[in-house]
1. Given axes a ≥ b ≥ c from the Cα gyration tensor, I'd like to know whether region A:46-112 is rounded (a/c under 1.5), prolate (a/b larger than b/c) or oblate.
2. Compute the separation of the alpha-carbon centres of region B:97-145 and region A:154-197 and state it in Å as a whole number.
3. Starting from a Cα-only point model with no solvent, please compute log10 I(q)/I(0) by Debye for region B:134-176 at q = 0.24 1/Å.
4. For the modelled label position 7 Å from the Cα of A:Thr90 along Cα-to-Cβ, which residues of region A:176-194 have backbone nitrogen atoms closer than 17 Å?
5. Net charge near A:Val178: determine it from the other residues with C-beta under 13 Å of the C-beta of A:Val178, scoring Lys and Arg +1 and Asp and Glu -1.
6. Pick from A:Ser58, A:Ser175, A:Ser159 the residue whose mean-square fluctuation is largest in a GNM of chain A, springs joining Cα atoms under 10 Å.
7. Of A:Gly32, A:Gly83, A:Gly109, which has the largest mean-square fluctuation in a 10 Å C-alpha GNM of chain A?
8. Per 0.36 nm of contour for each residue apart, how much would the distance between A:Tyr127 and A:Asp61 grow if the chain were fully extended, relative to their Cα-Cα spacing?
Number of protein chains: 2
Amino acid sequence: MAQPYPGHDIIAGGGTKMAIRDAAVKLFTSKGFEQTSLREVADAVGITKASLYYHYPSKLDLLLAIIEPVVENIRRVVAEVDGLGHDADTVRRVLRDYLRGMIRHRDAGSMCVRDTVAIYNALSERYPDVLESGKVLADWLAGPDASHEARVRAAAALSVITSALTTDEYVPGVSDEVLESTLLDAATCVLNIHATA
Amino acid sequence: MAQPYPGHDIIAGGGTKMAIRDAAVKLFTSKGFEQTSLREVADAVGITKASLYYHYPSKLDLLLAIIEPVVENIRRVVAEVDGLGHDADTVRRVLRDYLRGMIRHRDAGSMCVRDTVAIYNALSERYPDVLESGKVLADWLAGPDASHEARVRAAAALSVITSALTTDEYVPGVSDEVLESTLLDAATCVLNIHATA
DNA sequence: GTCTATATACCGATAGAC
DNA sequence: GTCTATCGGTATATAGAC
């Protein structure tokens with residue numbers, strides 16, 4: 001009788017579990033993963049540390065639950081580009097797809113970039129494949145037999161995409177549409193690509 | 001008789017102090033500041049934790065000593081743009097100046113971006129002014145009375161500059177010259193600026 | 001599901017001998 | 001300048017009552 005509607009824990013039960021997640025995202029983002037104790041998370045929710053362990057088996061599992069959608073986004077894009085051609089329109093389409101996922105999961109994403117090392121270490125234990133995804137994406141973006149300059153441009157373009165996660169701080173109130181169109185244009189510009197669309 | 005050549009501790013004494021710094025940069029970069037214990041740093045150097053405290057009064061002071069050149073770089077650039085005009089050539093000159101500092105202090109800089117929260121917290125206690133420097137620079141880059149799009153472009157351009165710190169991973173062996181010219185070109189492209197030089 | 005209480009371990013930092 | 005030994009504090013995680 002744990003849950004009256006199995007698989008619908010978002011609606012039925014699980015309110016506490018969601019509250020823990022939200023409080024953890026906020027605290028991990030502002031203070032960092034290692035610097036945030038589970039006591040602080042529990043206090044923010046209004047429960048004790050021991051109750052928190054009922055919902056998440058460990059601090060690492062809590063972190064992994066938070067970054068899961070971000071991991072899915074990069075996994076999806078990396079799988080997408082596998083064996084794909086490298087014309088301007090395709091590159092633009094992949095970049096837009098990647099950027100949209102970034103913007104959608106902005107809260108967890110910005111937590112990742114603010115505490116890269118902690119997330120990196122966490123991923124290396126559970127999802128070792130994702131750590132190479134950035135390189136895979138950069139390699140594809142740079143194109144076949146790319147020069148040093150082309151590779152630097154590819155890395156810079158990915159950096160432009162990732163800046164969607166931190167732009168809120170510099171441009172409060174910017175709409176998702178402006179963010180997407182502007183950064184997509186900037187990223188293609190960095191790549192020296194001038195697509196037809 | 002602490003030092004035979006006062007002021008020349010780089011040459012005369014201070015070998016241990018420098019070894020501590022180098023080991024700390026490496027460990028802080030790969031594991032994160034909070035996740036790295038002073039015991040690990042001491043072990044890497046081949047001394048004990050207590051000896052480490054002879055050279056640095058606290059863990060925070062060790063971190064601050066490492067990031068000092070990075071702080072100086074951004075301070076210098078921010079002071080430079082104060083009251084400066086906003087024509088294309090000036091923007092390009094400022095970006096180049098900022099980028100060169102980034103490349104020069106790449107090791108400490110990449111440590112900063114990999115562990116943003118820890119560095120942010122450390123700076124807020126000692127150098128609270130530097131935390132606003134990013135915004136000041138972005139505001140100036142965006143130009144007077146900037147639109148949302150212009151502000152997003154400014155933030156993205158800074159992100160391109162900062163990518164110099166992590167490019168090594170994607171483009172091993174790239175020269176400083178290629179890195180500088182490519183990223184400078186990419187950043188100005190993001191800003192929609194087409195300077196004469 | 002939530003609580004109190006606790007086990008266990010490591011951290012940063014200090015004291016004092018050499 | 002480096003060491004051994006230790007203090008005080010906090011962390012993750014667990015046991016068991018309710």
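Each value in this text was obtained by applying a stated rule to the coordinates, not by laboratory testing. Source: prediction; values computed, not measured. Here the Cβ is made from the backbone with ideal geometry for all residues, glycine too, and neighbour counts use every protein chain on show.
1. The shape class here is prolate.
2. Each part reduced to its Cα centre gives a spacing of 20 Å.
3. Summing over Cα pairs of region B:134-176 leads to -0.74.
4. It comes to A:193-194, nothing else.
5. Counting the neighbours of A:Val178, the net charge comes to -4.
6. So, out of A:Ser58, A:Ser175, A:Ser159, the one fluctuating most is A:Ser175.
7. Among A:Gly32, A:Gly83, A:Gly109, the largest mean-square fluctuation in the Gaussian network model of chain A belongs to A:Gly83.
8. Value of the extension gain: 22.5 nm.
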